[in-house]
Structures are given as structure tokens and as C-alpha cells.
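One structure is given here, and the rest of the page talks about it.
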Amino acid sequence: RWIVESGDSTSRSTPWLDSGLTGAGQVVSLIDTGIDVDNCYFWDSTNLPPHSWNDKSNRKITQYVSFADGNDHGSGHGTHVAGTIAGHISTDGGKTSSTSPGMADGIAKDAKISFYDFSKEGKTVDLPSNLHVAFDKGRNAGSKVLNASWGGYDGGSYGYWDRVFD
């Protein structure tokens, strides 16, 4: 956390966390390759269904839209991004459980996640023809923040979808 919050390797200070900015009460919407719901940072003891659901009482992932395939094959990019944003270990996976201070908690560790899976086997992108469908899912789940941190292997060029999202 300190690397992002202060960058001070001597004090390792976390001014945002120390000020109470933990993401509590917030939902972050992600559009990515999928998320490993059994990962220790997202695990919920209520045994989340394998595909789409919307349940705001879940510990971490309140919504999962499996538009493409419903998991995070191959790259693990979606799981990585979700963890960076809002990952937080739970000692028992309970909705009101005590949590463990994870060495690698996300920057908004108490936020919840609305996830839109748009990748087939972590290799191909399968966007809906109307992108507002994907955006609206997160908004309807209470999200006011969207992360779409993905791109292609095109040498860094600024392409069509980059322009559409910007």
C-alpha cells in the first residue's frame, strides 16, 4: 500500500488508509477477463454461483456478469486488477467476518466489486454491440467508478476501442 500512497520506503506511510479512506460503502465496476472467485482476496463462504449473479450482501463481489465465460482462464488479468483495486483477505469468507490484514490488500480494500466478464478463456474480447449494456450493469449495482484497464498486443498504438472508451 505504501508504494501507491506515499512512495516513501523509509516511513512506509499510508496517508489515505490512515485518514480512513478504505473504500467502505463503495462499489467499483470492472470490465475484464474474469475473476477467480475462490481467490483468498475475494472468497465468500456462501459458495458463489459459477455464473452471473447480483447480491449486494456478498462480502466482496456483489455482481458478476458472465457475458463471455464466467471465469478467469489463462492470464488472470481480471483477478489481478480486482485485487489491486479492492482485494482483502477474509479469515473465514463470511459476509460479516473478521478480515485479516493482507500484505497485499487493494488500495480500496473495503470496497465491493461489480464485475463484467468480457473475455473468452482470457484470450479474446467479446464486447456487447452496445457498450452501454456493460456500463449500465455496474451503474445499476451502485458503482460510480469504472475500471477497464485492458488493451491489445499492438505495440501501444491508440486504436478504435481506445477512442470509444476515452
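Just so you know, all these numbers are worked out from the coordinates, no wet-lab data involved. As the structure is a computational prediction, the values presented were derived from the model and not from experiment. Reconstructed Cβ throughout: ideal geometry from the backbone, glycine too, with neighbour counts over all protein chains shown.
Each Lys or Arg adds one and each Asp or Glu takes one away; over the other residues whose Cβ falls under 11 Å from the Cβ of W43, this sums to -2. In terms of the mean number of neighbouring beta-carbon atoms within 10 Å, the peptides 29-41, 5-17, 130-142 order highest first as 29-41, 130-142, 5-17. For R139, neighbours were defined as the other residues whose beta-carbon sits under 15 Å from its Cβ, and their charges (Lys and Arg +1, Asp and Glu -1) total +3.
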